[in-house]
1. Pull up segment 71-101, narrow it to residues that are in contact (Cβ under 8 Å) with a residue 60 or more places away in the chain and surrounded by fewer than 22 Cβ atoms within 10 Å (Cβ to Cβ), then point me to the one that is farthest from residue 15 (Cα to Cα).
2. Please determine whether any residue of segment 25-41 is crowded, with 19+ Cβ neighbours inside 10 Å, closer than 25 Å to residue 167 by Cβ and over 16 Å from the mean Cα position of the chain (by Cα).
3. Only residues that are open to solvent by less than 50 Å² (accessible area, probe 1.4 Å), in a helix (DSSP H, G or I) and more than 11 Å from residue 135 (Cα to Cα): list them for segment 162-189, please.
4. Just give me the residues in segment 34-63 being at pLDDT 95 or above and farther than 20 Å from residue 178 by Cα, in sequence order.
5. Can you name every residue in segment 42-63 that is more than 29 Å from residue 198 (Cβ to Cβ) and surrounded by 22 or more Cβ atoms within 10 Å (Cβ to Cβ)?
Amino acid sequence: MRTLLDLILPVACGGCGRAGTAWCADCDEALSGPPVRVRPRTDPGVPCWALAPYAGPARSAVLAIKERGRRDLARPLGVALARGLARLRTPGRPLLLVPAPSRSAAARVRGGDPVVCVARMATGWLRDCRTIPLLRLWRGVHDSVGLSPGERRHNLRGRVSVAPGAVARAGWSPKCEVVAVDDVLTTGATAAESVRVLEGAGLPVVAFFVTCVA
């Protein structure tokens, strides 16, 4: 059956396009190194970490899962995220992953939020870890592509909030480490607003972690 499906819909690596596999060993290796500390132009006030630059397999995979419906890539990207988080987390402390918010219209078009899917996949590979989508965007937020750092900050200012009752459902305790996660870090505007809102809701964030940094 797999061979028949490959003839009809050929499988290609989501990172490099190599035929015959959805995710090849070389692309997996490109996301397996230690996380790199990055410092965006808009400082969110917490350490920011990335698995890779916004280029090569990381960029291709992020675009494929977001824009081309490659939901099968949630697993390798989630595994890569889990490996990176495992290198940084404090041993013995529960980990709470909070995906950065996305526009609901974009999530509907994509059949779900890719950042949430990847974070939940990472949760399955980490002990004592949960993913809780606490953050939401209000109406009026535009696509950030092409916006300057100042325009990105203005676009998000006051338009990110914590869903009603979400903090109580999260089951946070002072023992938890809260890490906000996203797919791409550009100017840091989303990171800064996400951290501000979470900490305003009583959830101290220890880091902002992304797949790749532009």
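1. Going residue by residue through segment 71-101, those that are in contact (Cβ under 8 Å) with a residue 60 or more places away in the chain are 76-77, 80-81, 84-85, 88-90, 93-101.
Among the residues that remain, those that are also surrounded by fewer than 22 Cβ atoms within 10 Å (Cβ to Cβ) are: 88-90, 93-94.
Numbers: 88: 25, 89: 27, 90: 31, 93: 33, 94: 31 Å.
Once the filter is applied, the top-ranked residue is 93.
2. Scanning segment 25-41 turns up no residue that is crowded, with 19+ Cβ neighbours inside 10 Å, closer than 25 Å to residue 167 by Cβ and over 16 Å from the mean Cα position of the chain (by Cα).
3. 170, 189 - these are the residues of segment 162-189 that are open to solvent by less than 50 Å² (accessible area, probe 1.4 Å), in a helix (DSSP H, G or I) and more than 11 Å from residue 135 (Cα to Cα).
4. 52, 53, 54, 55, 56, 57, 58, 59, 60, 61, 62, 63
5. The one that is more than 29 Å from residue 198 (Cβ to Cβ) and surrounded by 22 or more Cβ atoms within 10 Å (Cβ to Cβ): 57.
The values are calculated or read from the model by the stated rules, or taken from the named source; none is laboratory data. It should be emphasised that the depicted structure is a prediction, and the values quoted were computed from it without experimental measurement. As a convention, Cβ positions derive from the backbone with ideal geometry for all residues, glycine included, and neighbour counts pool all protein chains shown. Each accessible area value is taken on the protein alone, full model and side chains, heavy atoms only, with ligands, DNA and RNA left out. Shrake-Rupley method; radii C 1.70, N 1.55, O 1.52, S 1.80 Å.
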